[in-house]
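Below is one structure, written out as structure tokens; comments come after it.
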């Protein structure tokens, strides 16, 4: 079993179990990993494996409790380790928006979503593609200055959340761009099913955008409950 090098292995009986499948090795705390203030524990029994994420600042109440079977445990651990690292990456130099990023992390964590946080040069590239392909000038909100007249999808009497599945399939991979304050954006990548779940649960979403991976389609959810679609 490969453990992300950013995590310290405090205890590991899980690797031996996965190699031997010796049921006698099933026990509490088969694996313990640490990264900063976050600890990850794995308990195993005859029916399931349970992964706990613990914050040392609140050790009595797990951040999350995730159940899986032995065929899923390695993949789940990889997802959780990446999720912890993504959250850490999201916070430096963004203290003005710590509440927003914390809520994004909570939403991903609580719903076990596979959304990849994108930052740095790749984030800059994605925002540049949006501006180059779809936007005129530097508007207060991107959707206010689209290069081509957009199609208005559905009735604004229904929140865009409820309309999105009518136009985008669950399996489609997209860039998900959250407008934090008109000039700051959080960028994720994932399938529409997970993005839709995120939108339905996150408490600090106002305007957001979905862009196809090829950069040819842009959907805009506005603060007027409009759902717009434009193409290159």
| message | Based on this model, can you work out whether residue 181 counts as assigned to a loop (DSSP other than H, G, I, E, B), in contact with a helix residue (DSSP H, G or I) (Cβ under 7 Å, 6 or more places away or on another chain) and closer than 30 Å to residue 80 by Cα? | response | no
| task | Please work out which one of (1) assigned to a loop (DSSP other than H, G, I, E, B); (2) under 19 Å from the mean Cα position of the chain (by Cα) is the condition residue 149 fails and give its number. | result | (2)
| field | When residues of region 90-131 are limited to those that are under 22 Å from residue 211 (Cβ atoms), assigned to a loop (DSSP other than H, G, I, E, B) and under 16 Å from the mean Cα position of the chain (by Cα), the one modelled with the lowest pLDDT | value | 119
| message | Looking only at region 192-203, count every residue that is in contact with a strand residue (DSSP E or B) (Cβ under 9 Å, 6 or more places away or on another chain) and outside any helix (DSSP H, G or I) and tell me the total. | response | 1
| remark: Scanning region 132-146 residue by residue, the ones that are in a loop (DSSP other than H, G, I, E, B) and either surrounded by 15 or more Cβ atoms within 10 Å (Cβ to Cβ) or modelled with pLDDT under 95 (or both) total 5
| message | Looking only at region 168-198, count every residue that is closer than 19 Å to residue 214 by Cα, surrounded by fewer than 17 Cβ atoms within 10 Å (Cβ to Cβ) and more than 17 Å from the chain's Cα centre (by Cα) and tell me the total. | response | 1
| said: Looking at region 127-136, can you tell me whether even one residue there is in contact (Cβ under 8 Å) with a residue 40 or more places away in the chain, within 22 Å of residue 225 (Cβ to Cβ) and in contact with a strand residue (DSSP E or B) (Cβ under 7 Å, 6 or more places away or on another chain)? | reply: yes
| task | Hey, could you check region 22-36 for residues that are in contact (Cβ under 8 Å) with a residue 12 or more places away in the chain and loosely packed, with under 12 Cβ neighbours inside 10 Å and say which is farthest from residue 76 (Cα to Cα)? | result | 23
| field | Residue list for region 50-66, restricted to those being farther than 29 Å from residue 118 by Cβ and under 23 Å from the mean Cα position of the chain (by Cα) | value | 50, 61
| said: Scan region 53-70 and tell me whether some residue there is surrounded by 13 or more Cβ atoms within 10 Å (Cβ to Cβ), modelled with pLDDT of 95 or more and touching a helix residue (DSSP H, G or I) at 6+ places or on another chain (Cβ under 6 Å). | reply: no
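The values are calculated or read from the model by the stated rules, or taken from the named source; none is laboratory data. Keep in mind the model is a prediction, meaning the values are calculated, not measured. Don't worry about glycine lacking a Cβ; one is built from the backbone with ideal geometry, like all the others, and counts go over all protein chains shown.
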